[in-house]
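Asks: Dropping the structure in here first, questions after.
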Amino acid sequence: MGDFNKRVKQTLLLLTIIALIFTIFYALRAFIPGILGAITLYILSRAKYFQLVYSRKWKKGLAAFTYLFYYLLVLGIPVFMIVVLISPRIDAIMDNPEAFINNIKNTIAGLQQKVGYNFVSANSTNSLIERFSNFIPSLINSTTNLLTNLVLMLFLLYYMLINGSEMERYLYKITPLKDENIQLLASETKKMIKANALGIPVISTIQGIIATIGYWIFGVEDYLMWGLLTGIFAFIPIIGTFIIWGPLVAYLYMSGSNWQATGLLVYSAVVTGNVDYLARMTLLRRIGDVHPVLTIVGVIVGLSLFGFIGLIFGPLLLSYITVLFKIYVNEFGFDKEANASKEAERPSDISGES
């Protein structure tokens, strides 16, 4: 009876802890990208940080600030490029949205007239333009939220680095798993985060550069801006870059630049598109031995759950399913070979023999 009461108390306490954790995460759901980003940067930085502190005898605060400065540079360069190349266009659209909307309508109408087929109705065009018009203010709001999460991410990263050893020892102590399973969970987490946090930005950068070269070759105006946008949308698997080069090809056809449009279409479909496929097949597998299907499906799941940081934690979430199955088998001793040997040791049923 006493053992039963102890189990009930244990279950109630665990449920209470889970409920409190869920409540806190729900209240902070707008800041989950910043929290997950801090975890990502900590895992990427911990080994070198500990080497600086314990081998080279750096002070913890100095080493942590060095990493913060480094990540400010790494994150600041693309943000600066976005502000310089894209913000003037957004300002122009906000100053005269009617002219921008008319240009879209005229482009679609001219393209349909040239093709000889109305693939987009007038109502669909108006609906699409209305959605795009509403997207600009929401993009500005999401930019503010992104900056807030970046500040939170760096703030949390500093204290995670400063207290890294104590934090890891505490997590190791409270994790109710065997030592080998804790090591499995930690190694899988490091592998997936390393593969996606390093591999996906590299792949997107490569695609952005390749696309920029194609835009320059085939005479696209503001090719640097469109190449930057292509690199950003390359984070989205399968159709990411098409969101940019597809409309550009259509615009070139409509404007009468037929050979440039055909060349850009072939270049984008064959070169830019296959760079993504080849890089995911080679680079990501070399960095973390991650299957491309796991990466693509994980990114789709992660974007819907966590936003931009889901590019990293989506594949990690899927890989955890396999890892947790392994841990379950290891923790609870479900071994098919052992069960089969036990079955072989049992005497056979000879009740039917005389």
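Each value in this text was obtained by applying a stated rule to the coordinates, not by laboratory testing. Keep in mind the model is a prediction, meaning the values are calculated, not measured. Here Cβ is always computed from backbone atoms with ideal geometry, including for glycine, and neighbour counts include all displayed protein chains.
Asks: Pull out the extension gain between I300 and L20, defined as 0.36 nm times the separation in residues minus the alpha carbon to alpha carbon distance; nm, one decimal.
Replies: 97.9 nm
Asks: Using a simple spin-label model with points 7 Å from Cα along the Cα→Cβ vector, what separation in nm is obtained for T11 and V329?
Replies: Label-label distance for T11 and V329, simple model: 2.9 nm.
Asks: With the crude spin-label approximation of a point 7 Å out along Cα→Cβ, what separation in nm comes out for F69 versus L224?
Replies: 2.8 nm
Asks: A follow-up question, please. Beyond a 26 Å Cα-Cα separation, which of these cross-linked pairs lie in this structure: K57/K178; K173/K326; K48/K326; K60/K190; K57/K191? Don't skip to the answer; put the middle values down first.
Replies: Working: K57/K178 33 Å; K173/K326 21 Å; K48/K326 30 Å; K60/K190 22 Å; K57/K191 28 Å.
From K57/K178; K173/K326; K48/K326; K60/K190; K57/K191, over 26 Å: K57/K178; K48/K326; K57/K191.
Asks: Determine the distance separating the Cα centre of segment 184-240 from the Cα centre of segment 36-64; give it in Å without decimals.
Replies: 27 Å
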